[in-house]
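> My questions all concern the structure below.
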Amino acid sequence: MECLFCGKEYENKSAKRRPRKYCSEECRRAYWSEHPELKNKNDKAFYGYNCEQCGVEFTAYGNKSRRYCSKECSLASQRILKGAIRTCVICNREYEPHYKGQRCCSITCSNKKGGAALKRTKAYECKNCGKEFIPKQPGRVTYCSRECAYEGRKAKPKGKVLSTCTICGKQFEKRLNSKCCSDECHKKAASIKSYECSKRLHELKIQTRKCKECGTEFTPKYGSKHRSFCSNECCIKSSRRDGKRKRRATMYNAFVEKVRLIDIYERDRHVCRLCGKKVNLIYKSPHPMSATLDHIIPLAHGGKHENKNAQLAHFICNSRKGVKAMGEQLRLY
(Lines give C-alpha, C1' and ligand atoms only; values in the text may rest on other atoms or scores of the structure.)
Protein backbone atom coordinates (compact mmCIF):
# COMPACT_ATOMS: atom_id res chain seq x y z
CA MET A 1 0.00 0.00 0.00
CA GLU A 2 1.09 3.60 -0.70
CA CYS A 3 1.24 6.36 2.00
CA LEU A 4 -1.03 9.39 1.30
CA PHE A 5 1.54 11.93 2.57
CA CYS A 6 5.01 10.77 1.50
CA GLY A 7 4.09 8.18 -1.21
CA LYS A 8 6.18 5.44 0.40
CA GLU A 9 4.99 1.84 -0.01
CA TYR A 10 4.35 -0.25 3.13
CA GLU A 11 2.73 -3.58 4.07
CA ASN A 12 -0.54 -3.87 6.02
CA LYS A 13 0.34 -6.25 8.89
CA SER A 14 -3.12 -6.86 10.42
CA ALA A 15 -5.74 -8.29 8.04
CA LYS A 16 -8.60 -8.12 10.56
CA ARG A 17 -8.47 -4.34 11.08
CA ARG A 18 -9.25 -1.79 8.41
CA PRO A 19 -6.23 -0.88 6.18
CA ARG A 20 -3.94 1.98 7.17
CA LYS A 21 -3.55 5.05 4.99
CA TYR A 22 -0.16 6.25 6.30
CA CYS A 23 3.16 4.54 6.83
CA SER A 24 3.81 6.12 10.26
CA GLU A 25 2.27 8.32 12.97
CA GLU A 26 4.42 11.31 11.88
CA CYS A 27 2.98 11.17 8.34
CA ARG A 28 -0.57 11.01 9.67
CA ARG A 29 -0.13 14.11 11.89
CA ALA A 30 1.65 16.04 9.14
CA TYR A 31 -1.12 15.25 6.61
CA TRP A 32 -3.94 16.48 8.90
CA SER A 33 -2.01 19.61 9.90
CA GLU A 34 -1.74 20.54 6.18
CA HIS A 35 -5.39 19.66 5.41
CA PRO A 36 -7.50 20.89 8.39
CA GLU A 37 -10.50 21.54 6.12
CA LEU A 38 -10.96 17.81 5.62
CA LYS A 39 -11.67 17.20 9.34
CA ASN A 40 -15.30 16.19 9.94
CA LYS A 41 -15.84 17.92 13.31
CA ASN A 42 -18.84 19.52 15.01
CA ASP A 43 -18.93 23.33 14.72
CA LYS A 44 -19.85 23.71 18.41
CA ALA A 45 -16.39 22.57 19.53
CA PHE A 46 -14.57 25.38 17.63
CA TYR A 47 -13.75 28.50 19.69
CA GLY A 48 -12.51 31.93 18.56
CA TYR A 49 -9.63 33.77 20.35
CA ASN A 50 -7.33 36.81 20.17
CA CYS A 51 -3.66 35.97 20.71
CA GLU A 52 -2.30 37.78 23.81
CA GLN A 53 1.14 38.17 22.22
CA CYS A 54 0.58 39.16 18.57
CA GLY A 55 -3.16 40.04 18.64
CA VAL A 56 -4.13 37.81 15.70
CA GLU A 57 -7.62 36.28 15.66
CA PHE A 58 -7.63 32.45 15.43
CA THR A 59 -9.89 29.46 16.03
CA ALA A 60 -9.08 26.26 17.97
CA TYR A 61 -10.90 22.99 18.42
CA GLY A 62 -11.89 21.71 21.88
CA ASN A 63 -9.87 24.15 24.08
CA LYS A 64 -11.81 26.96 25.80
CA SER A 65 -8.88 28.43 27.76
CA ARG A 66 -6.31 28.86 24.98
CA ARG A 67 -4.28 32.13 25.10
CA TYR A 68 -1.77 32.04 22.23
CA CYS A 69 -2.13 31.22 18.55
CA SER A 70 1.12 29.20 18.38
CA LYS A 71 4.01 27.88 20.43
CA GLU A 72 6.27 30.72 19.26
CA CYS A 73 3.92 33.34 20.75
CA SER A 74 3.80 31.42 24.05
CA LEU A 75 7.61 31.30 24.31
CA ALA A 76 7.91 34.96 23.32
CA SER A 77 5.60 36.03 26.17
CA GLN A 78 7.78 34.12 28.67
CA ARG A 79 10.98 35.76 27.35
CA ILE A 80 9.51 39.24 27.91
CA LEU A 81 9.07 38.56 31.68
CA LYS A 82 12.76 37.56 32.13
CA GLY A 83 14.19 40.96 31.29
CA ALA A 84 11.28 43.09 32.65
CA ILE A 85 11.53 45.12 35.87
CA ARG A 86 8.43 46.31 37.72
CA THR A 87 7.69 48.47 40.76
CA CYS A 88 5.85 46.98 43.78
CA VAL A 89 2.41 48.50 44.41
CA ILE A 90 2.82 48.46 48.23
CA CYS A 91 6.49 49.19 49.06
CA ASN A 92 7.56 50.82 45.72
CA ARG A 93 10.55 48.49 45.44
CA GLU A 94 11.77 47.33 42.00
CA TYR A 95 11.60 43.58 41.31
CA GLU A 96 11.72 41.06 38.45
CA PRO A 97 8.29 39.39 37.93
CA HIS A 98 7.87 35.61 37.74
CA TYR A 99 4.51 35.65 35.95
CA LYS A 100 2.56 38.12 33.84
CA GLY A 101 -0.04 39.23 36.40
CA GLN A 102 2.41 39.79 39.29
CA ARG A 103 1.93 43.22 40.94
CA CYS A 104 3.77 42.79 44.28
CA CYS A 105 7.38 41.94 45.09
CA SER A 106 6.65 39.37 47.85
CA ILE A 107 3.87 37.47 49.70
CA THR A 108 3.83 39.99 52.57
CA CYS A 109 3.13 42.84 50.15
CA SER A 110 0.43 40.82 48.39
CA ASN A 111 -1.23 40.17 51.77
CA LYS A 112 -1.13 43.89 52.53
CA LYS A 113 -2.64 44.58 49.15
CA GLY A 114 -5.53 42.24 49.96
CA GLY A 115 -6.16 44.14 53.23
CA ALA A 116 -5.26 41.39 55.69
CA ALA A 117 -2.57 43.52 57.40
CA LEU A 118 -4.22 46.91 56.92
CA LYS A 119 -7.29 45.83 58.95
CA ARG A 120 -5.17 45.30 62.11
CA THR A 121 -4.78 49.00 62.98
CA LYS A 122 -6.31 48.83 66.51
CA ALA A 123 -3.75 49.30 69.30
CA TYR A 124 -3.73 47.10 72.42
CA GLU A 125 -1.98 47.49 75.79
CA CYS A 126 0.55 44.85 76.88
CA LYS A 127 -0.42 43.30 80.24
CA ASN A 128 3.22 42.88 81.28
CA CYS A 129 5.01 46.11 80.32
CA GLY A 130 2.01 48.39 79.62
CA LYS A 131 3.25 49.43 76.14
CA GLU A 132 0.76 49.97 73.34
CA PHE A 133 1.22 47.75 70.26
CA ILE A 134 -0.49 46.65 67.05
CA PRO A 135 -0.67 42.82 66.87
CA LYS A 136 1.02 41.07 63.98
CA GLN A 137 -1.55 38.25 64.12
CA PRO A 138 -5.24 38.70 64.99
CA GLY A 139 -5.25 36.42 68.06
CA ARG A 140 -2.17 37.79 69.90
CA VAL A 141 -3.59 40.82 71.74
CA THR A 142 -2.42 40.13 75.34
CA TYR A 143 1.36 40.64 75.18
CA CYS A 144 3.50 42.75 72.83
CA SER A 145 6.33 40.19 72.46
CA ARG A 146 7.33 36.64 73.35
CA GLU A 147 9.53 37.83 76.27
CA CYS A 148 6.60 39.68 77.86
CA ALA A 149 4.42 36.57 77.42
CA TYR A 150 6.98 34.39 79.29
CA GLU A 151 7.36 36.93 82.12
CA GLY A 152 3.60 37.40 82.45
CA ARG A 153 2.95 33.65 82.68
CA LYS A 154 5.67 33.18 85.31
CA ALA A 155 4.22 35.97 87.47
CA LYS A 156 0.76 34.34 87.59
CA PRO A 157 0.10 32.37 90.83
CA LYS A 158 -0.36 28.66 90.16
CA GLY A 159 -3.26 27.84 92.48
CA LYS A 160 -5.47 24.75 92.39
CA VAL A 161 -8.86 25.26 90.76
CA LEU A 162 -11.55 23.55 92.84
CA SER A 163 -14.82 22.36 91.40
CA THR A 164 -17.90 20.54 92.74
CA CYS A 165 -18.79 17.06 91.50
CA THR A 166 -22.18 16.92 89.78
CA ILE A 167 -22.95 13.43 91.16
CA CYS A 168 -21.70 13.18 94.76
CA GLY A 169 -21.24 16.91 95.52
CA LYS A 170 -17.60 16.62 96.69
CA GLN A 171 -14.99 19.26 95.89
CA PHE A 172 -12.04 18.15 93.73
CA GLU A 173 -9.14 19.63 91.76
CA LYS A 174 -10.46 20.43 88.31
CA ARG A 175 -8.61 19.09 85.27
CA LEU A 176 -9.58 20.42 81.85
CA ASN A 177 -13.40 20.19 81.51
CA SER A 178 -14.01 17.39 84.04
CA LYS A 179 -17.30 17.62 85.95
CA CYS A 180 -16.91 14.46 88.10
CA CYS A 181 -14.39 13.60 90.81
CA SER A 182 -13.78 9.88 90.03
CA ASP A 183 -14.38 7.13 87.47
CA GLU A 184 -17.44 5.86 89.38
CA CYS A 185 -19.07 9.29 89.19
CA HIS A 186 -18.18 9.47 85.49
CA LYS A 187 -19.96 6.14 84.89
CA LYS A 188 -23.02 7.29 86.87
CA ALA A 189 -23.15 10.56 84.91
CA ALA A 190 -22.91 8.65 81.61
CA SER A 191 -25.70 6.26 82.65
CA ILE A 192 -27.93 9.19 83.71
CA LYS A 193 -27.27 10.94 80.40
CA SER A 194 -28.11 7.81 78.37
CA TYR A 195 -31.27 7.26 80.48
CA GLU A 196 -32.47 10.82 79.83
CA CYS A 197 -31.74 10.49 76.11
CA SER A 198 -33.68 7.22 75.80
CA LYS A 199 -36.49 8.72 77.91
CA ARG A 200 -36.78 11.65 75.49
CA LEU A 201 -36.96 9.23 72.57
CA HIS A 202 -39.61 7.21 74.43
CA GLU A 203 -41.71 10.34 75.00
CA LEU A 204 -41.57 11.12 71.28
CA LYS A 205 -42.61 7.60 70.23
CA ILE A 206 -45.19 6.68 72.94
CA GLN A 207 -48.89 7.49 72.50
CA THR A 208 -51.70 8.05 75.01
CA ARG A 209 -54.07 5.14 75.71
CA LYS A 210 -57.24 4.45 77.71
CA CYS A 211 -57.26 2.64 81.07
CA LYS A 212 -59.10 -0.72 80.87
CA GLU A 213 -60.67 -0.15 84.30
CA CYS A 214 -61.72 3.51 84.57
CA GLY A 215 -61.39 4.64 80.93
CA THR A 216 -59.20 7.69 81.63
CA GLU A 217 -56.48 8.54 79.09
CA PHE A 218 -52.86 8.26 80.35
CA THR A 219 -49.31 8.09 79.01
CA PRO A 220 -47.27 5.15 80.38
CA LYS A 221 -43.99 5.98 82.09
CA TYR A 222 -40.59 5.03 80.74
CA GLY A 223 -39.98 1.28 81.24
CA SER A 224 -43.69 0.28 81.24
CA LYS A 225 -44.81 0.56 77.62
CA HIS A 226 -47.11 -2.53 77.92
CA ARG A 227 -49.07 -1.06 80.85
CA SER A 228 -52.87 -1.29 80.46
CA PHE A 229 -54.02 0.52 83.66
CA CYS A 230 -53.48 4.11 84.75
CA SER A 231 -52.63 3.20 88.38
CA ASN A 232 -52.03 0.26 90.73
CA GLU A 233 -55.50 0.67 92.28
CA CYS A 234 -57.19 0.08 88.90
CA CYS A 235 -54.97 -2.94 88.27
CA ILE A 236 -55.86 -4.49 91.68
CA LYS A 237 -59.59 -3.85 91.14
CA SER A 238 -59.54 -5.53 87.75
CA SER A 239 -57.54 -8.56 88.95
CA ARG A 240 -59.85 -9.06 91.98
CA ARG A 241 -62.94 -8.90 89.79
CA ASP A 242 -61.48 -11.45 87.38
CA GLY A 243 -60.52 -13.73 90.27
CA LYS A 244 -64.03 -13.59 91.74
CA ARG A 245 -65.56 -14.42 88.36
CA LYS A 246 -63.29 -17.43 87.92
CA ARG A 247 -63.99 -18.68 91.45
CA ARG A 248 -67.72 -18.18 90.97
CA ALA A 249 -67.63 -20.26 87.79
CA THR A 250 -65.62 -23.07 89.44
CA MET A 251 -67.97 -23.02 92.46
CA TYR A 252 -70.95 -23.32 90.13
CA ASN A 253 -69.46 -26.39 88.43
CA ALA A 254 -68.10 -28.03 91.64
CA PHE A 255 -71.10 -27.37 93.95
CA VAL A 256 -72.46 -30.41 95.85
CA GLU A 257 -73.97 -29.07 99.07
CA LYS A 258 -73.95 -25.99 101.30
CA VAL A 259 -70.96 -25.74 103.65
CA ARG A 260 -71.30 -23.60 106.79
CA LEU A 261 -68.29 -22.23 108.66
CA ILE A 262 -69.83 -22.81 112.11
CA ASP A 263 -70.46 -26.50 111.37
CA ILE A 264 -66.87 -26.99 110.20
CA TYR A 265 -65.63 -24.97 113.23
CA GLU A 266 -67.42 -27.29 115.67
CA ARG A 267 -66.50 -30.40 113.71
CA ASP A 268 -62.76 -29.61 113.67
CA ARG A 269 -62.88 -28.66 117.42
CA HIS A 270 -61.67 -25.06 116.98
CA VAL A 271 -58.28 -26.19 115.56
CA CYS A 272 -56.61 -25.07 112.30
CA ARG A 273 -55.95 -28.18 110.18
CA LEU A 274 -52.92 -26.57 108.49
CA CYS A 275 -50.87 -25.32 111.47
CA GLY A 276 -52.52 -27.19 114.40
CA LYS A 277 -53.22 -24.04 116.49
CA LYS A 278 -56.57 -22.89 117.90
CA VAL A 279 -58.90 -20.64 115.89
CA ASN A 280 -60.89 -17.83 117.54
CA LEU A 281 -64.16 -16.61 115.99
CA ILE A 282 -63.72 -13.16 117.54
CA TYR A 283 -61.28 -12.17 114.73
CA LYS A 284 -62.90 -11.16 111.46
CA SER A 285 -61.46 -11.27 107.93
CA PRO A 286 -58.95 -9.98 106.77
CA HIS A 287 -57.31 -10.53 110.19
CA PRO A 288 -54.51 -13.10 109.75
CA MET A 289 -55.85 -15.29 112.60
CA SER A 290 -59.52 -15.19 111.52
CA ALA A 291 -61.43 -18.42 110.66
CA THR A 292 -61.81 -19.46 106.98
CA LEU A 293 -62.89 -22.48 104.96
CA ASP A 294 -60.17 -24.37 103.13
CA HIS A 295 -60.73 -26.98 100.40
CA ILE A 296 -58.53 -30.03 100.98
CA ILE A 297 -58.43 -30.73 97.22
CA PRO A 298 -58.57 -27.24 95.65
CA LEU A 299 -61.41 -26.39 93.29
CA ALA A 300 -58.83 -25.57 90.61
CA HIS A 301 -57.60 -29.21 90.80
CA GLY A 302 -61.05 -30.75 90.46
CA GLY A 303 -62.16 -30.76 94.12
CA LYS A 304 -65.82 -30.53 95.16
CA HIS A 305 -67.55 -27.98 97.36
CA GLU A 306 -68.86 -30.25 100.12
CA ASN A 307 -68.36 -30.92 103.82
CA LYS A 308 -66.02 -33.87 103.20
CA ASN A 309 -63.62 -31.64 101.16
CA ALA A 310 -63.71 -28.67 103.63
CA GLN A 311 -61.59 -27.99 106.72
CA LEU A 312 -60.97 -25.15 109.19
CA ALA A 313 -57.91 -22.90 108.66
CA HIS A 314 -56.53 -19.53 109.65
CA PHE A 315 -56.73 -16.74 107.05
CA ILE A 316 -52.93 -16.52 106.87
CA CYS A 317 -52.50 -20.30 106.58
CA ASN A 318 -55.14 -20.54 103.85
CA SER A 319 -53.56 -17.71 101.83
CA ARG A 320 -50.10 -19.31 102.13
CA LYS A 321 -51.41 -22.63 100.91
CA GLY A 322 -53.18 -21.07 97.89
CA VAL A 323 -54.18 -23.63 95.23
CA LYS A 324 -51.53 -26.17 96.26
CA ALA A 325 -52.64 -29.69 97.10
CA MET A 326 -51.05 -30.63 100.44
CA GLY A 327 -51.26 -34.40 99.80
CA GLU A 328 -54.06 -34.92 102.36
CA GLN A 329 -56.83 -37.43 101.95
CA LEU A 330 -60.52 -36.71 102.48
CA ARG A 331 -61.43 -37.08 106.13
CA LEU A 332 -64.29 -39.50 106.78
CA TYR A 333 -66.59 -38.22 109.49
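The values are calculated or read from the model by the stated rules, or taken from the named source; none is laboratory data. All values reported here derive from a predicted model rather than from experimental measurement. Neighbour counts run over all protein chains shown; Cβ positions are idealised from the backbone, glycine included.
> Since residue 324 meets every condition but one in (1) in a loop (DSSP other than H, G, I, E, B); (2) loosely packed, with under 11 Cβ neighbours inside 10 Å; (3) at pLDDT 80 or above, which condition does it not meet?
(3)
> I want to confirm something. Restricting to region 221-257 and keeping residues that are modelled with pLDDT of 80 or more, of a type outside the set (Phe, Trp, Tyr) and outside any helix (DSSP H, G or I), which single residue is surrounded by the fewest Cβ atoms within 10 Å (Cβ to Cβ)? First the steps, then the outcome.
Filtering region 221-257 down to residues modelled with pLDDT of 80 or more leaves 227-240, 257.
Still in the running and of a type outside the set (Phe, Trp, Tyr): 227-228, 230-240, 257.
Then keep just the ones that are outside any helix (DSSP H, G or I); that gives 227-228, 230-231, 257.
Numbers: 227: 15, 228: 14, 230: 20, 231: 14, 257: 9.
So, considering only residues that are modelled with pLDDT of 80 or more, of a type outside the set (Phe, Trp, Tyr) and outside any helix (DSSP H, G or I), the one surrounded by the fewest Cβ atoms within 10 Å (Cβ to Cβ) is 257.
> Just for region 179-220: of the residues that are in a loop (DSSP other than H, G, I, E, B) and outside the structural domain of residue 241 (by TED's automatic domain parsing), which one is farthest from residue 162 (Cα to Cα)? Working first, answer last.
Start the filter on region 179-220 by keeping residues that are in a loop (DSSP other than H, G, I, E, B), which leaves 179-182, 206-208, 211-216, 219-220.
When the remaining residues are screened for being outside the structural domain of residue 241 (by TED's automatic domain parsing), the result is 179-182.
Values: 179: 11, 180: 12, 181: 11, 182: 14 Å.
The residue in question is 182.
> State whether the residues of region 20-30 include one that is under 60 Å from the mean Cα position of the chain (by Cα), modelled with pLDDT under 85 and assigned to a loop (DSSP other than H, G, I, E, B). Steps first, answer last, please.
First pass over region 20-30, keeping only residues under 60 Å from the mean Cα position of the chain (by Cα): none.
No, region 20-30 contains no residue that is under 60 Å from the mean Cα position of the chain (by Cα), modelled with pLDDT under 85 and assigned to a loop (DSSP other than H, G, I, E, B).
> Would it be correct to say that residue 277 is out of contact with any helix residue (DSSP H, G or I) (no Cβ under 8 Å at 6 or more places or on another chain), within 17 Å of residue 321 (Cα to Cα), at pLDDT 80 or above and not aliphatic (A, V, I, L, M)? Please lay out each step first, then the result.
Working: out of contact with any helix residue (DSSP H, G or I) (no Cβ under 8 Å at 6 or more places or on another chain): yes; within 17 Å of residue 321 (Cα to Cα): yes; at pLDDT 80 or above: yes; not aliphatic (A, V, I, L, M): yes.
So residue 277 passes the test.
> Kindly list the number of the only condition in (1) assigned by TED's automatic domain parsing to the domain that holds residue 308; (2) touching a Leu at 6+ places or on another chain (Cβ under 7 Å) that fails for residue 260.
(2)
> Any residue in region 38-51 that is at pLDDT below 80, touching a helix residue (DSSP H, G or I) at 6+ places or on another chain (Cβ under 9 Å) and not acidic (Asp, Glu)?
Within region 38-51, the first condition is being at pLDDT below 80, and the residues that meet it are 38-47.
From what is left, the residues that are touching a helix residue (DSSP H, G or I) at 6+ places or on another chain (Cβ under 9 Å) are 38-39.
Pick out the ones that are also not acidic (Asp, Glu) and you get 38-39.
Looking for residues that are at pLDDT below 80, touching a helix residue (DSSP H, G or I) at 6+ places or on another chain (Cβ under 9 Å) and not acidic (Asp, Glu), one finds at least one in region 38-51, hence yes.
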